[in-house]
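First the structure, in the form of structure tokens, and then the observations on it.
Please treat every number below as a calculation from the coordinates, not as lab data. What you see is a predicted model; the values in this text were computed from it and never measured. Note that each Cβ is placed from the backbone with ideal geometry, even for glycine, and that neighbours are counted across all protein chains shown.
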Amino acid sequence: MHAGAGRWTSEGMAHVEISPDFSGLGLVLAVPLVGYVFAEGLVGKRTYDRMVRDRDRDPAALVRMLRVWITASWASAAAVMAIFALSPGVAASDLGLWSPEDASTTIGVLAAVALCVPLVLFSLWWASRRGRPVQSTVTEMHPRTARERGWAAALAVTAGVCEEVVYRAFLIAAGVGVLGLDVKVAAGLALVLFILGHVYQGWWGMLSAAVVGYMLTYVYFSTGSLLAVVAVHTAINLIGLVIAPMVGARSNPGA
């Protein structure tokens, strides 16, 4: 089922060649996965709106929604791994599941994350102390209890891993190997679906998803590996969903 190869070459970027050959059985398994990707935004919005409506009268509403999202995310990532296992013509490098020979860019990205996170945390603390907490498009998802914080952290890590496996690794490879698209076109299509998957956050949230998704795609092609992308995505999620709300609550206990 091989339809072509995609390459991304640019000065200062890794040479990435994606040329997957999905098996028939793998493509059969991919059908419900693609269906899930297209439905994820609408399902996410429906469950999010229900959580917002029920949360004040139902203390378990947020945790229940997070459990559903976590389960669905890991199931979709498991489906990608099953498709990979059933398709001998799909190499690990086609999905970014490898370590490139020159890991300097990956190491550089990881070092930048390690450096930036403390700076971001300090900025959040300073803004909160001055009465200017960071605004969020998912304020209703901010945890209020230690239990909710634990589940929110679990979702942050889950999304950091599973969304990259599905949106960056699988969808780009499928666009190239099944639809015969140029790798940049496949990446653009995957980015559009990534944005639509965040429709529950409203227009500003979708705009943020577009910016973050573009950055993550750039990191993916710069390193040729999902490792750095997962690290960046997970750090962003943890800061926005867990750490920033906690810093704001501690700086403004009466708010």
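Observations on the model:
- The label point for S123 and the one for E140, both projected 7 Å from the Cα toward the Cβ, are 2.8 nm apart.
- For the peptides 222-229, 74-81, residues were scored by their other Cβ atoms within 10 Å and the scores averaged per peptide; the highest-first order is 222-229, 74-81.
- Separation of alpha-carbon centers, the range 74-100 and the range 187-225, rounded to whole Å: 20 Å
- Here the 3J(HN,Hα) profile of the range 216-226, calculated from phi with Karplus coefficients 6.51, -1.76 and 1.60 at θ = phi - 60°, is 5, 5, 4, 5, 4, 6, 6, 9, x, 9, 6 Hz, Gly and Pro shown as x.
- Modelled spin labels at Y36 and V192, positioned 7 Å past Cα toward Cβ, are 2.3 nm from each other.
- Using a Förster distance of 51 Å, the FRET efficiency for Y218-R57 (Cβ separation, nearest 0.05): 0.75
- Residue-span extension gain [D182 to A114] - 0.36 nm each, minus C-alpha spacing: 21.1 nm
- Fully extending the segment from T71 to V211 would add 47.8 nm, taking 0.36 nm per residue of separation and subtracting the current Cα-Cα distance.
- Sum of side-chain charges, F170 neighbourhood, beta-carbon under 10 Å (Lys, Arg +1; Asp, Glu -1): -1
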